[in-house]
Every structure is written in C-alpha cells, then in structure tokens.
There are 2 protein chains.
Amino acid sequence: MNPQQTIRLAVIDDDSGFVTVLSKRTEAAGWQQRVSGSAIPPEELVAMKLNALLVDLSVLGDEAWDYLARVCDLLPDLGVIVCTGRSTVAQRVRGLRMGVDDWIGKPCHPEEVMARIEAVSRRRRRTRAGVESGTVVVGELEIRADQFQAFVSGESLDLTRREFELLQLLADVKGQVLEREAIYQRVWGYAMAHGDRSVDVFIRKLRQKLEKRSPSWRYIHTHFGVGYRFDPEAVGGKVAAEAAALADEPEIADSQVVHSSFTVA
Amino acid sequence: MNPQQTIRLAVIDDDSGFVTVLSKRTEAAGWQQRVSGSAIPPEELVAMKLNALLVDLSVLGDEAWDYLARVCDLLPDLGVIVCTGRSTVAQRVRGLRMGVDDWIGKPCHPEEVMARIEAVSRRRRRTRAGVESGTVVVGELEIRADQFQAFVSGESLDLTRREFELLQLLADVKGQVLEREAIYQRVWGYAMAHGDRSVDVFIRKLRQKLEKRSPSWRYIHTHFGVGYRFDPEAVGGKVAAEAAALADEPEIADSQVVHSSFTVA
DNA sequence: TTGACCTGTAAAAATCCTGTGAACGCAGGC
DNA sequence: GCCTGCGTTCACAGGATTTTTACAGGTCAA
C-alpha cells in the first residue's frame, strides 16, 4: 500500500530536550504521538492502538524490568524500543531477550531513533498483517481490514478496493476534516492533479453504498470549500432517536481513547 | 512462548576472530548457520530459507548499498542485521530506511549480536509444528500435509508441489483475503515481480483440480483488485441443497485438525 | 439578490484486472 | 538423446473498475 504509513507512537521520557527535538521531527513526518513523563499503564497502551513505544528506562525506576516484561507480554504486537543512557551488555541482552525490539543508547540522533522505530514497525506490521482481525466498528458499520470490506449487520457493502481504502482512511481519522488533496495523496499515493474530481466521485459511491445498507445513518459530511469528514450520526425520524441513544456510548469511549490523547499534526 | 526455536542464519564477514567467537555461541545455541567471506547472491539466499542475515558492510566494498537494497527488496521477510565498524548516523539511517532491521557497531559483544538477531527473527508464527503431520478437513476436501497432497473421498487431486503449497497456505487462513503479493511472498519465498501472473495461473490450476474432484463446491473466491480467499461453499443444483445444509452447521468441525498418531517412516 | 465558485450526479470513455489457453524452457527419468 | 511433467511467461478477450466529462444544483460573499 502506501510507502509511508503513519506511525502511532508513545514516548515515555522526561528528558524534555530530547523529547522536544524528537517531537518536532515526528510531527513533520506526520506521525501521531503521545508523550508521557512517566509510565503509562499497559491497559492504556492497549487502547491506544500503537505501532511503537519508545521508553527511557530511567524514568521507570525500580519498576523498569517489571514494566517492560508486562508490556512485552501483554502487547506482543507492539514494537518496543528502549532509548536510555548508559547500559551494560547484560542489560541490553536481558531486555532484548525479554521482548524489546531495539535498544538505543543516549545520546543519540533523533533521525536514527525514527529510522529504528520505522524499522521495528515495518517488521511488526508484516507479521501482524492478517493475524490481527483489525476490525473497526463505527455507527452500525464494521470495517474489516482483513477482508478489505465493510459490513452492516453481516452484510457486505460490496466496496471496491479504492472505495474501501477511502472509507478506511476517513474512518481512521474519524471526526477530522480532510482536504481533497490530502485524501488523494494518501489513498492514491501521489499528488492530485488540479481539477481532478475523483475524490468527489468516490465519496458519492461510498455514500450510495452506505445509504443502501445503513439508511438511518449519515457517515460522510461535506465541508464546503475544504473537504470531507467522517462522523457517524444517526438521523431521520423516530428511528434516529433510539439509534442516537445507542450511538452515544461507544462513540465517546472510542474517540476519547483513540483521538484525544494524540496531538494532531 | 517459543522456548528456543532454531534460527537459520547466514553470516557475511571476513573478520575471522569475530566469526569464530560468534559461531561458537550460535552452535551452542543450536542455530544453523553458514559463514561466507564475501557476498552471497540474493538468489542463493532465497534457497537457504533463512531467518536472518548478518553482514559486515566492509566485505561488500562498493557494492554494499546495492547489495543491501537488492536483498531487502527481494526478501522482505528476511531479518537483515548489519554489523560493521565505524559508521555515521546518515549511513545507519539510510540502511534502516532501506529495509535493514538492525545496525550494530563493531566492536560488539557476541551475546548482544545474538540477542538482536533473535529479536529480529522473533515472529515466526508460520512454523506450524502441528501441521507437519496433520490433516485438515475443509468442505469435502482433505489436506494431508504429510503427503503434500489433497484428497476428496480418498481420491488424490494430483497436486504438484507448488499447487499444494498454495492450497495449504490458503486453507491455513481460511476466510481471510490474501493479496497476490502476500501469497507469492509466502509460497515462492521472495518478493513478487510487478506484473507476474504466476499466482493467477496456479489458482486456475487449483480450481480445475478442485472442480474435477469436488464439483459441487466452490473453494477459492476472487476479490477483485485484491487477491483470493479460501472458503468452501456448497453450490449448484440439487446436490448443493443437501450439501449446504451440511455445510452450515459443521463450521466448527470444518477447521478441525486431526493429528495423525504416526509419523511416516 | 447576483454571480462566481463548489459540489452532487450521471453516464461515457479509458483503463485496469482476471480468466484462460497455449507456447516456451528446463530438469529429471527412461 | 528423447520424452514427460512442471513452472513460467505471453497474449488476448471479456468484465469490472476508475477516470473523465458534462451539467444541474447549492453555497458563499459582496
């Protein structure tokens, strides 16, 4: 698919100089990241759907090894990179054997840190592809990455590949308004030509197919002069009222966990 | 989980001291390895079915980057670890971005090198130990791994080796859509060239042979623009009706794996 | 309210994808 | 050497999908 898939990263480090410099670069690269000055509970990490975790052992104190062990055990698909000060061979070997994917010594160059994070994510992604169900549920929609297809109560929307990728992209950044150029760039993989209406046409096709299977919901909203935003909303008459009630709960949980924790590039 | 899965490693290095010390340890750990003082052609690497490749760039000379690029491109599933003398950040970043999985500076401790090789190789879910001697039953099809052959009510489909491997892969992840590139990568062992139609051709051969012995079932489904999915479905006229009734329920029994009690002499 | 500029919509045109049959080359067995 | 089985490649036809084009309707700012 796309060469540069966006990476979701969490950083556990209290070295503000290092974190600042790194963040500047990761943001420029379009990564989504969250920084914390202390340990993040593994349960929270699960909810974040991360690609990688960068951690400085010194902020973890005595708990460091326990924490690493728990994280590696609980999240075998998460790329874990330790980036810390002085360390012995024995420590590094222990960490790596425990499930850490890479171990970098400080001081280090942020570009190399990023390259190593990319390398780890690349490797993880390859193995995980398929093993993980990767099903996202929004509104009454189920988006199944392993099937390249979306469903409503078990029935396929019969999306073509492009349609699916577009839907997946939009749903991935639910609530965010995406410009046409950005959409095109990420789905088609190259820059949009001036005057190209492909995005509009595919949005219409998507809307048609969504409407067909899920008539009482609106998923894609137009932002005049800007682009589109994916946000499931129950609408219509009486049906909508109940649906809305049902929708509220998971809606909030979802967006809180996934989005509010991350800075938007 | 996996205690000590044996690792197949190739080492390209002419630093005899380093290689000797390392080899002693890898042998003690039960790894299989081949050492070479000069570049090994990528085609040969394919045939070796390696887990990882450890390479010192200095023995590759000017060809180093080209070689790395070719290897990483052709064998995306191979763990590539560079272990070399002095290097700049830019070089390491270039290597890692190119597909190298880890980059270690010499001098280094052999134990750490091994731990890093393990970390890179840690991901083999595909080593299906159970399948080796197992029989999978799907639809009215029996796939016998110990015979490299599939049967319908005792009659062989006369699959060739490749056909069998393709079928086995597909059946292994029943219900999942696999992209052509992924199929090729896993059956042929290296990256698919752009425009290669081998997968399609083998799918056709498989379908022919499946149809011949099991006419009232459809096994392989095409997903336009994506790839193929294995999912046995009873179809057709009167035969299909009964078959369908049978097919719906034993969904669970379908994927049952029967382990034969005896190894083949 | 008007006019310029966007967006929704439908259908034609162009492109791409898959199924298929056959030719080719290679290796192993006779 | 000759034959046979196997894997690869090519070419083409029929469909499915994507892109382009045209026009109608909507939106916004002056």
- Item | Distance histogram in 10 Å bins (all Cα pairs of the range B:1-124, percent per bin) | 13, 50, 33, 4, 0
- Task: Just subtract the alpha-carbon distance of B:V59 and B:S16 from 0.36 nm times their residue separation and send over the number in nm, one decimal.
- Result: 14.3 nm
- Query: If amide H atoms are built 1.01 Å from N in the plane of the peptide, which residues on other chains or at least 5 residues away come under 5 Å of the amide H of A:M192?
  - Reply: A:Q185
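Given R₀ = 45 Å, FRET efficiency for A:A90-A:A193 by Cβ-Cβ distance, to 0.05?
0.20
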- Item | Value of Rg/Rh across the range A:55-147 [Cα atoms, Kirkwood radius] | 1.08
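Summarise the partner chain shielding of B:114-120 as one whole number: the mean count of Cβ atoms from other chains within 10 Å of each residue's Cβ.
6
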- Note on the structure: Diffing the range B:169-176: the Karplus 3J(HN,Hα) column from phi (6.51, -1.76, 1.60, θ = phi - 60°), in whole Hz with x for Gly and Pro, holds 4, 4, 5, 4, 10, 2, x, 9
- What is the diffusion coefficient of the range B:42-89 in µm²/s, taking the Kirkwood radius over Cα pairs and the Stokes-Einstein relation at 37 °C with a viscosity of 0.692 mPa s? 289 µm²/s
- Item | Computed lengthening from A:E233 to A:S38, 0.36 nm per intervening residue step minus Cα-Cα distance | 66.5 nm
- What chymotrypsin sites (Phe, Trp or Tyr not before Pro) in the range B:140-177 are in a loop by DSSP, with at most 15 other Cβ atoms within 10 Å of the Cβ? B:F148
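Coordinate-derived values only; no laboratory data. All values reported here derive from a predicted model rather than from experimental measurement. Backbone-built Cβ (ideal geometry, glycine too); neighbour counts: all protein chains shown.
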